[in-house]
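Here, each number is a calculation from the coordinates, and none is a lab measurement. What you are looking at is a predicted structure, and each value in this text was computed from that prediction instead of being measured. Cβ: placed from backbone, ideal geometry, glycine included. Neighbour counts: every protein chain shown.
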Amino acid sequence: MYLVHVHMRRPADGGPVPEEIGTWVGDMAPPGHIDHISVHARTPDHPVLGVYLLADHLEEAEELALTACRRVLAHRPELRGWQVIEGYVPLLAPFYDTFTDSSALSHDAPLPGCAAVVVDTTVHGRFRPYGGPSPRPEPGES
């Protein structure tokens, strides 16, 4: 599953992001690909759709999300004047894609495009599961 952020631009005279936009985008994608969509409208003129979908490759995920969003903008009168600015899988997806290609992995060299990674197993917290001798934080502690 991939998360693709699709950045959009609302026209100056356009209204807020319609609540139904997630359903509309899902209807424009091939069946079985889109899992769900979240709308981030912190900047009303430039909302971002978080499109969670299934695809075989990162590029396919981005293209499916962009195509579905562009189709919605082309077919929904409520979105006349809206634009898709860009769409991409954020942060570390290319790094994790290398794990699906066993030929890319080597015990002697770092992953392609990455520096050597050193994992500090003594660190525990919200992003590393507990598994060592350090005491767990009390509920509410960070």
Task: Chain lengthening between Glu86 and His46 when straightened (0.36 nm per residue, less Cα-Cα) - done: 13.3 nm
- [ ] Take each of the peptides 9-17, 78-86, average the number of other beta-carbon atoms within 10 Å over its residues, and list them starting from the highest.
- [x] 78-86, 9-17
